[in-house]
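The values are calculated or read from the model by the stated rules, or taken from the named source; none is laboratory data. As the structure is a prediction and not an experimental result, all values here were calculated from the model. Neighbour counts run over all protein chains shown; Cβ positions are idealised from the backbone, glycine included.
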Amino acid sequence: MTQKDTLFAQPYEAVGAFQFDESVVSVFPDMIQRSVPGYQTILTGIGELTPRFAQPQSRIYDLGCSLGAATLTMRRKLENTPCQIIAVDNSAAMIERATSYLAAFHSEVQVDFVLDDIAEIAISNASIVVLNFTLQFISPDKREALLQKIYQGLNPGGVLILSEKIHFDAPPIQEAIEHLHLQFKRANGYSELEISQKRASLENVLISDSAEQHLSRLKKVGFDHAAIWLQAYNFASFLAIKNEKVPRETST
């Protein structure tokens, strides 16, 4: 049974920086469902995109896999396509819980959980890479290099699914959409104390980009096509496709 998120329900004299430790792991499913509008729809979309882009005998990477929700969603759609899923997270608590969670569901699809920094792992023979609310926790000066590595490790025709909290450069728009997100959290039972303390905890830990920054970066690293396929308030999921390169005919 999912444990309710009450991590910030009591007042603290000083709120520490947000960490994906055991306390967060125990309430993470409840936390993300009540904090991220459109989260379940994103997972459903990842599942539906999987059989469309999964290439036989290729690898699928779930980078920043947390409890393995995206991994499980993709694995369920891969029964007829022989692939290996590599799920990576730098939180030992997340990897331990995800391994136990997926073990409860039988599948012939190979899943390898890896405890590591996603900036350090090699990516090769990939047909799908998922960064589901992960890049926002990576230092901004390291984001382009990570996306470049992903692009280079993707096979022609491969895709990156990138989901992120985004911000808006125009203050009136940013303020209006922040209001909508706050109302979403209030409607899901979070108190003003919980909202304010979690915001303080995430400050300088979750650093968002604008949609334009994401699209510009994806284009810069080489993706032929990139667009938002789903957006709910200030949360968006991008689909970036690496096309098959067809050599140009040369005239003789």
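Among residues belonging to the stretch 29-70 that are buried (at least 18 other Cβ atoms within 10 Å of the Cβ), in contact with a Lys or Arg (Cβ under 8 Å, 6 or more places away or on another chain) and part of a helix (DSSP H, G or I), point out the one that is modelled with the lowest pLDDT. Ranking the candidates gives 34 first.
Filter the stretch 45-65 down to residues that are of a type in the set (Gly, Ala, Ser) and free of Cβ contacts under 8 Å to residues at least 60 places away in the same chain, then give me how many there are.
Taking the stretch 45-65 as the starting set, the residues that turn out to be of a type in the set (Gly, Ala, Ser) are 45, 47, 54, 58, 64.
Right, trim to free of Cβ contacts under 8 Å to residues at least 60 places away in the same chain and you get 47.
So the count comes out to 1.
Report yes if residue 94 is part of a helix (DSSP H, G or I) and closer than 14 Å to residue 112 by Cβ, otherwise no. Working first, answer last.
On the way: part of a helix (DSSP H, G or I): yes; closer than 14 Å to residue 112 by Cβ: no.
Criteria not met by residue 94.
When the residues of the stretch 5-28 are filtered to those that are surrounded by 13 or more Cβ atoms within 10 Å (Cβ to Cβ), under 25 Å from residue 178 (Cβ atoms) and not β-branched (Val, Ile, Thr), the one that is modelled with the highest pLDDT is 28.
Taking the stretch 104-130, which residues are part of a strand (DSSP E or B), in contact with a helix residue (DSSP H, G or I) (Cβ under 7 Å, 6 or more places away or on another chain) and among the β-branched types (Val, Ile, Thr)? Across the stretch 104-130, the qualifying residues are 111, 128, 129, 130. Every condition in (1) among the hydroxyl-bearing types (Ser, Thr, Tyr); (2) assigned to a helix (DSSP H, G or I); (3) crowded, with 22+ Cβ neighbours inside 10 Å; (4) over 15 Å from the mean Cα position of the chain (by Cα) holds for residue 100 except the one numbered (3).
With respect to (1) aliphatic (A, V, I, L, M); (2) surrounded by fewer than 18 Cβ atoms within 10 Å (Cβ to Cβ); (3) in contact (Cβ under 8 Å) with a residue 60 or more places away in the chain, the lone exception for residue 126 is condition (2). Within the stretch 221-248, residues that are β-branched (Val, Ile, Thr) sit with their Cβ atoms under 6 Å from residues that are modelled with pLDDT of 95 or more, at 6+ positions apart or across chains, in these pairs: 221/147; 221/148; 221/151; 228/236; 228/238; 241/159; 241/225. Within the stretch 91-107, the set of residues being at pLDDT below 90 and among the charged types (D, E, K, R) comprises just one member, 97. Would you confirm, using the coordinates I've provided, whether residue 118 is touching a residue at least 60 places away in the same chain (Cβ under 8 Å), hydrophobic (A, V, I, L, M, F, W, C), crowded, with 17+ Cβ neighbours inside 10 Å and at negative phi? So residue 118 fails the test.
Among the candidates 73, 81, which residue alone is over 18 Å from the mean Cα position of the chain (by Cα), hydroxyl-bearing (Ser, Thr, Tyr) and closer than 20 Å to residue 159 by Cα? Steps first, please.
On the way: 73 fails: over 18 Å from the mean Cα position of the chain (by Cα).
Just one listed residue meets the conditions, 81.
What are the residue pairs meeting all of these: first residue in the stretch 163-185, first residue under 21 Å from residue 230 (Cβ atoms), second residue surrounded by fewer than 12 Cβ atoms within 10 Å (Cβ to Cβ) and not acidic (Asp, Glu), Cβ atoms under 8 Å, and 6 or more apart or on different chains? From residues that are under 21 Å from residue 230 (Cβ atoms), there are no pairs. When 136, 152 are checked against the criterion of being within 25 Å of residue 221 (Cα to Cα), touching a Ser or Thr at 6+ places or on another chain (Cβ under 8 Å) and either modelled with pLDDT of 95 or more or not in a strand (DSSP E or B) (or both), a single residue qualifies: 136.
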